[in-house]
Amino acid sequence: MSDLLVLEGLAATYNHAIRALSDVSLTVRRGEIVALLGANGAGKSTTLKAVSNLLHAERGQLTRGRIVFDGRDATSLPSAKLVRLGLVPVLEGRHCFRALNVEENLVAGGIGGGLSRREIAAGLERVYTLFPRLKERRRSASGLTSGGEQQMSAIGRALMARPRLLVLDEPSMGLAPLVVETIFSTLKGLNREEGLSILVAEQNSTVALRYADRAAVLDAGSTVLAGDAADLRGRAEIKALYLGSPGESAAHLAALRRPSPADHAAA
Amino acid sequence: MFDYQFFIEVLVGGLLSGVMYSLVAIGFVLIYKTSGVLNFAQGAMLLFAALTFVSLVERGVPFWLALSATLVIMVVLGITVERTVLRPLVNQSPMTLFMATLGLSYIIEGAAQLLWGTQVHGLDLGIDDVPFEVGGVLISQFDLFAAAIAGTLVTTFALFFRYTRTGLAFRAVADDQFAALAVGLRLPRVWAAVWTAAGIVALVAGLLWGARLGVQFSLSLVVLKALPVLVLGGFDSVAGAIVGGLLIGAIEKLAEVYVGPLFGGGIVAWAAYVVALGFLLVRPSGLFGQKLVERV
Ligand SMILES: Nc1ncnc2c1ncn2[C@@H]1O[C@H](COP(=O)(O)OP(=O)(O)OP(=O)(O)O)[C@@H](O)[C@H]1O
Ligand SMILES: [Mg+2]
């Protein structure tokens, strides 16, 4: 069994009224980086929140579909349980604990992962090796650190819980290109050396497709395309598709729907 | 000639009684910070604690046993309230939650009445309220005792929140509840810890206030004393609750002595509210409230 995460036909609403997802399916295999692409409001964040069972906290609910993590039905497992099983989210907008210092943020991640004191100490060393900036800033209140440092703190905090699948929501948001590269190459390093699987939602498709193995495209709450990142990279129309308006997308979509070997592989 | 010695005496007396306001306010702040609920039932919990303790003692239960038993009861009460009333209402609007705690306060008061009757009880903690002199200033022994107890309690909480895992989890939840949920912190555990703490605060405050005012139903109205403190200090700051309590205590006493005669007395009942209202207009988030750590 090499599928680590499987989403099947997810539909979701907010307040039992606003439909945010209508049909989302995708698979993350062990050791893979999968990019989830789509325009504003396409449903990327909603999908990722559904995966971590966080929708209820924003008055959202999953109305249909199934989520399987590591061979186990994860559709209604509490988020804390999912973290302990190794499915750890990094939220859109970073969401650091602003009044806590950087190190306390990391420790909170370790506590969330159910680690012992010694494991937390080891985890801190590991995160500081990955992001030396954080070591320098360890005593600073998180809210006073730069956007890049906050993103590193948020990722470091998630890594503290020893994830097997890291689920990131727009890590590049609002960051300088150089910082984005640092973050993505660090993640790629973890993926290559430790086999960490990654599901990452991005609007910055250029960067995401460069680092990802495969990608899925969301449009108006449905997955409309899935394939090898290398294959999607070559198709310039993609960009127009998910950064364009819904009407435009439909036209582009038709153009993109030529069967490709990657689509078959993903299906 | 302005009598400085007398002024200091009034000031110290005010600060010491302010400690008792802080104590009640801290009960609010703990819960507000972690779940955004303004727990109006804090006063009823305080009454319940004092009444339970007094009734046990009057039935011949030894002091320490009665104290431990009441502590256990308060912790159970706190956790039960969190679990049966507030947890099902999580993510509801603040108004809904406030109404729930308002209703709850009547239920707890009713239960106390049903259980222990309605008569007024005296509560003797064994501390005589005789004043003694420090450098020419008269200080109430009871006030000093109350301040010491409250100070110890607050210090213990502060150390707990700074140095323990549960304390760190508490601060994380208070800071960003959604993020706390996402990193896998178990909010129900944190809430249980917070309601336990609120139960302990209610017990200590109930005994101190009960010893001062007598244990009776109006005791639950000391929550009204906490409101100006919260306005002044901010609803989400423990430090604010402490400073706010001291300020309100001092202002009340000074107003009573120096301004009261101009109005023919009776000013204590509303002086704190005047100050709080005035303050509300200038700084709605309070002295320490919602001090967002933000980079511009
Ligand atoms: N908390 C919420 N309450 C109500 N509706 C919401 C909420 N969050 C998102 N939505 C709606 O759900 C839909 C999907 O939003 P979602 O945030 O998942 O998109 P996204 O792909 O992450 O967009 P972005 O790139 O802007 O982050 C949108 O129509 C949005 O307006
Ligand atoms: Mg989003």
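To the nearest 0.05, what FRET efficiency results for B:Leu138 and B:Ala158 with a Förster distance of 30 Å applied to their C-beta separation?
Values: r = 30 Å, r/R0 = 1.02.
The value I calculate is 0.50.
In percent, what relative contact order does chain A have, based on Cα pairs under 8 Å that are 6 or more apart in sequence? Let's see the in-between values first.
Working: 519 pairs, mean separation 68.6, N = 267.
Here the relative contact order equals 26 percent.
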Legend entry - For region B:4-223: relative contact order, % (alpha-carbon pairs under 8 angstrom, 6 or more apart): 42
Legend entry - Among B:Ser17, B:Thr52, B:Pro94 the positive-end extreme of the charge dipole of region B:1-114 (Cβ point charges): B:Pro94
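Place the peptides A:53-59, B:83-89, A:7-13 in order of packing, highest mean first, counting for every residue the other Cβ atoms within 10 Å and averaging per peptide. Please report the intermediate quantities before stating the final value.
Details: A:53-59: 17.7, B:83-89: 14.1, A:7-13: 20.0.
Those peptides, ordered most packed to least, come out A:7-13, A:53-59, B:83-89.
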Legend entry - Only Lys, Arg (+1) and Asp, Glu (-1) charged, at Cβ; region B:22-147 dipole about Cα centre in debye: 680
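How crowded by other chains is A:89-98, given as the mean number of beta carbons from other chains within 10 Å of each beta carbon?
5
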Legend entry - Cβ-based exposure ranking for B:Met99, B:Met20, in which fewest neighbours within 10 Å come first: B:Met99, B:Met20
Inset, instruction - Compute the long axis of helix A:102-112 from its Cα atoms, compare it with the longest principal axis of the Cα atoms of chain A, and write down the angle in degrees, 0 to 90, nearest 10. - result: 70
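Expressed in whole Å with the largest first, what are the equivalent ellipsoid semi-axes of chain B derived from the C-alpha gyration tensor as the square root of 5 times each eigenvalue? It would help to have the intermediate numbers written out before the result.
Details: eigenvalues 187, 127, 64 Å².
Semi-axes (√(5λ), whole Å): 31, 25, 18.
Using only the Cα atoms of region A:94-162, build the gyration tensor, take square roots of its eigenvalues as a ≥ b ≥ c, and label the shape rounded, prolate or oblate: rounded if a/c is under 1.5, else prolate if a/b is larger than b/c, else oblate.
Numbers: a/c = 1.81, a/b = 1.48, b/c = 1.22.
The shape class here is prolate.
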Legend entry - Shielding of A:138-144 by partner chains, average beta-carbon count, 10 Å: 2
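If each residue's Cβ is checked for other Cβ atoms within 10 Å, how do A:Tyr128, B:Tyr273 rank with the fewest at the top?
On the way: A:Tyr128 18, B:Tyr273 15.
By the 10 Å Cβ count, ascending: B:Tyr273, A:Tyr128.
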Legend entry - Mean separation of Cα contacts under 8 Å, 6 or more apart, over the residue count of region B:156-235: relative contact order %: 15
Legend entry - Exercise: per-residue mean of other protein chain Cβ atoms within 10 Å, A:74-87: 3
Inset, instruction - Sort region B:11-69 into rounded, prolate or oblate with this rule: let a ≥ b ≥ c be the square roots of the eigenvalues of the Cα gyration tensor; rounded if a/c is under 1.5, and if a/c is not under 1.5, prolate when a/b is larger than b/c, oblate otherwise. - result: oblate
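How high is the FRET efficiency from B:Val90 to A:Glu194, r the C-beta distance, R0 30 Å, rounded to 0.05?
Values: r = 36 Å, r/R0 = 1.21.
So the FRET efficiency works out to roughly 0.25.
Between B:Arg189 and B:Gln216, what FRET efficiency comes out of the Förster formula 1/(1 + (r/R0)^6) with R0 = 56 Å and r the beta carbon distance, rounded to 0.05? List each step's numbers first, then the result.
Details: r = 36 Å, r/R0 = 0.64.
Between B:Gln216 and B:Arg189 the formula returns 0.95.
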Inset, instruction - Compute the Cα gyration tensor for region B:169-296, then decide on rounded, prolate or oblate, letting a ≥ b ≥ c be the square roots of its eigenvalues: rounded whenever a/c is under 1.5, prolate when a/b is larger than b/c in the other cases, and oblate in all that remain. - result: oblate
Legend entry - Cut-off under 5 Å, modelled amide H: who pairs with A:Gly60 long-range: A:Asn15
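Taking the beta-carbon count within 10 Å as an exposure proxy, list A:Lys188, A:Lys44, B:Lys33 from fewest neighbours to most.
So the ranking, lowest neighbour count to highest, is A:Lys188, B:Lys33, A:Lys44.
Could you estimate the translational diffusion coefficient of chain A from the Stokes-Einstein equation, with Rh from the Kirkwood formula over C-alpha pairs, at 25 °C and 0.890 mPa s, in whole µm²/s? Before the final figure, lay out the partial values.
Numbers: Rh = 18.7 Å.
It comes out at roughly 131 µm²/s.
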Legend entry - Gap separating the Cα centres of region A:61-87 and region B:234-269, nearest whole Å: 53
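Each reported figure results from applying straightforward, stated rules to the coordinates on display, with no laboratory input. Here the structure is a predicted model, which means the values were calculated and not measured. Note that we place each Cβ from the backbone using ideal geometry, even for glycine, and neighbour counts take in every protein chain shown.
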